[in-house]
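Below you'll find the structure, written out as structure tokens, and then a few comments.
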Amino acid sequence: MFKLYLDLYRHRQSLFLMVRRDTLLRIKGTLLGPLWLLAQPLFLLLVYSFVFSGILKISFRPDGGSGDFALYLFAALVPFSALQDGLQRASSSLLENRDLLLKTQMPAMVFPAVASLGTLVQEVIGLSILILTAWFMGYAPARTLLLLPLIVGLRLLLTFALAPMVAVLSVFIKDVGQLLPMLMTALFFTTPIIYPMEMIPADYRFIIESNPITWLVQAYRSVILENEWPVDDLLVLGLACLILLAMTGAIFMRLQHRAKDFL
Amino acid sequence: MIAIEAKQLSKQYRQYVRPMDLFKEWLLRRPFHTEVNALAPIDLNIEKGATFGVIGDNGAGKSTLLKLLAGTLPPSTGTLQIEGRKSAILELGSGFHPEFSGLENIRLACSMLGLSSTETKERTPDIIAFSELGDAINRPVKSYSSGMFVRLAFSVVTSIEPDVLIVDEALSVGDALFQKKSMDRMMRFRDEQRTLVFCSHNLYQVKELCEQAIWLDGGVLKAQGDSATVVDDYQDYVRARQSAKPDNQRVSPEMEAVSDVYLQEVSLEGGIDSAEGIPLFRLGDPFAVRVRAEIGSQPAEDVHIGLILIRNDGLQVYGVSTLIDQCNLSPIEGATYGVRLVFDPLALMSGDYALEAWLLDRSGLHVYDSRPICCRFRVRHESSEVGLVKMAHQWEPVV
């Protein structure tokens, strides 16, 4: 299994070039070019601010103003959509790269890895916009921000711990591609993204609290907006990632060769 | 030294009709698939520096074998050992993206072939020069003609210098001039003591480039040996199959001899007995056909013999008769007459042939008797000449 991940390291150069290509491909030939990468999250933030702060006037924390809601929402939405995007892309990664998989010596693991890594670009841009906007609205960058790269790394690790499994299963079961958006929607609503944790009735809270994505988005909020060190969350999350990584590795190793017969 | 050693290498696919069957099988622990035998167990020992050809019909397992050797498919059984750095060209331009420039595609393609970025930079000018793309290298690949595309792809994959190169049908790309260049590059590979395994439908290339070859048929090894023999055997087989079609039967079986004028014997002189029990001749051997006929009460001038040399795909190579050449049969005893038709030296090239014999009257219109396909024989030639017959020729200085 270690060979699986070691192979990935050996092909890091191709990996990097493929991620770069995927990113460039999104903006290639467009009028705005790289501005699109900026425009999309910016637009989303504006819309959420307007809807939740301007129309619904919900506030996230008892003491906060309604303007904060958009920030809290965005802090969770950026990592969640990165995760969602990564898994969605991973689900079609082996099918789309059939030629490369069967006709070059690239290991199969490369393709879900590219799908996972590709989400980093969007996330970094989204987070930069968030931090700048928060600063503008009075949340001066705190020292806890130093932890952010680690949290982003964990988010990436979590995506990468799930992506190969999603990728290889979609080859055998085409239904995975259909099921995944539904699963992600379910996950979206069982994670405190559009509502604060405090709004959950105590009886249901255990569902939300047992969701690793919950710990993840709470960690983002802690370091960006709350000036807190979410060390416990991160340790548990890191452990969960390692277990998932081992599980996925085992599954992927058993199925990757047989998947080639199905492509 | 052995470069590639395969023992009992084979590949079977499981084919499931519906995805559901996979789950049934998994849950019920009972097979719900049909096994497709893509390649029966095969043993290969390929020497370092050897050039090795794989031939066979479409779907014979050639590509499966090459994918197994390249390591992109895991074998179902057997072991494979390859000495040195290997590289495989299973498809030209897989991984090229149409939106990006040729240069950009070179970068990723080289990286996927295992070159570091400095190695890639070093080789890029060579690749561009070899591909003859010039300034077009900065244009997106989608604007390339298909010829430009394959030229670039070929240039990239052969720019790396592996110890073992596995090539699937990639040599016949581009225009005639580029084909020559790519052939030269392959030749250079061979001369540099690199091991080359390749499959092609261009049998001449296989014969020219390879010392050893195998012939796969339906996933089974049909022949293995020096490439000239294997290619010739395969060609015979292809032709035999083509002529097996009923519409090629030009002489109907109802035409039996009913008179007292009939062919008694048609036989070949010389030749070595080959494994299949048919005589084997070499290009340039003396070759003669002996024909004996009963002419009954007919005058000798009224009976003529026609002979046609036919290749086993039904092609008439040459046909002539005593009538055309104004020659008479010679008496042997009683009403038995005979004649010899001599070709010395035999000008036929490698192939399986047979004779068609006709007993005709003076007008050439009435047929007394005939033998549709008789005296099958085989011809082999060792040189690299191609074609049907060796034609008289000479090379002369240009004045």
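No value in this document is a laboratory result; all are computed from the given coordinates. As the structure is a prediction and not an experimental result, all values here were calculated from the model. All Cβ positions, even for glycine, are placed from backbone atoms using ideal geometry, and neighbour counts span all protein chains on display.
Dipole orientation for the stretch B:1-129: of the candidates B:G71, B:A50, B:S10, B:S10 has the Cα lying most toward the positive pole (charges on Cβ; Lys, Arg +1; Asp, Glu -1).
Of B:E35, B:E169, B:E356, the residue with the greatest mean-square motion in the GNM of chain B, using alpha carbon springs below 10 Å, is B:E35.
Given Cα pairs under 8 Å that are at least 6 residues apart, what percent is the relative contact order of the stretch A:2-262? Can you show the working numbers first?
Working: 275 pairs, mean separation 61.8, N = 261.
Worked out over the stretch A:2-262, it gives 24 percent.
When chain A is described by a simple charge dipole with +1 on each Lys and Arg Cβ and -1 on each Asp and Glu Cβ, the residue from A:I193, A:W229, A:L37 located farthest towards its positive end is A:L37. Per-residue Karplus couplings for the stretch B:30-40, computed as 6.51 cos²θ - 1.76 cosθ + 1.60 with θ equal to phi - 60°, are listed in order as 10, x, 10, 10, 9, 8, 9, 8, 7, 8, 6 Hz, Gly and Pro entered as x.
Sort the stretch A:214-263 into rounded, prolate or oblate with this rule: let a ≥ b ≥ c be the square roots of the eigenvalues of the Cα gyration tensor; rounded if a/c is under 1.5, and if a/c is not under 1.5, prolate when a/b is larger than b/c, oblate otherwise. It comes out prolate by the Cα gyration axes. Based on DSSP H segments of at least four residues, each scored -39500 (n - 2.57), chain B has a per-residue ellipticity at 222 nm of -8000 deg cm²/dmol. For the stretch A:1-125, a crude dipole built from +1 on the beta carbon of Lys and Arg and -1 on the beta carbon of Asp and Glu, taken about the Cα centre, is about 400 debye to the nearest 20.
So if R0 is 35 Å, what FRET efficiency would B:K180 and A:S128 give, r being the distance between their Cβ atoms, rounded to the nearest 0.05?
0.05
Basic side chains Lys and Arg get +1 at the Cβ, acidic Asp and Glu get -1 at the Cβ, and with that the dipole of the stretch B:2-241 about its Cα centre reaches some 740 debye. Anisotropy class assigned to the stretch B:93-173 is oblate, per the alpha carbon gyration tensor with a/c at or over the 1.5 cut-off and a/b no larger than b/c. In a simple Cβ point-charge model (Lys, Arg +1; Asp, Glu -1; nothing else charged), the stretch B:249-380 has a dipole of about 460 debye relative to its Cα centre.
What fraction, in whole percent, of alpha-carbon pairs in chain B exceed 29 Å separation?
Numbers: 47572 of 79401 pairs.
Summing the P(r) of chain B above 29 Å gives 60 percent of all pairs.
Candidates B:C327, B:G270, B:V367 compared by Cα position along the dipole of the stretch B:249-380: farthest toward the positive end lies B:G270, with charges placed on Cβ.
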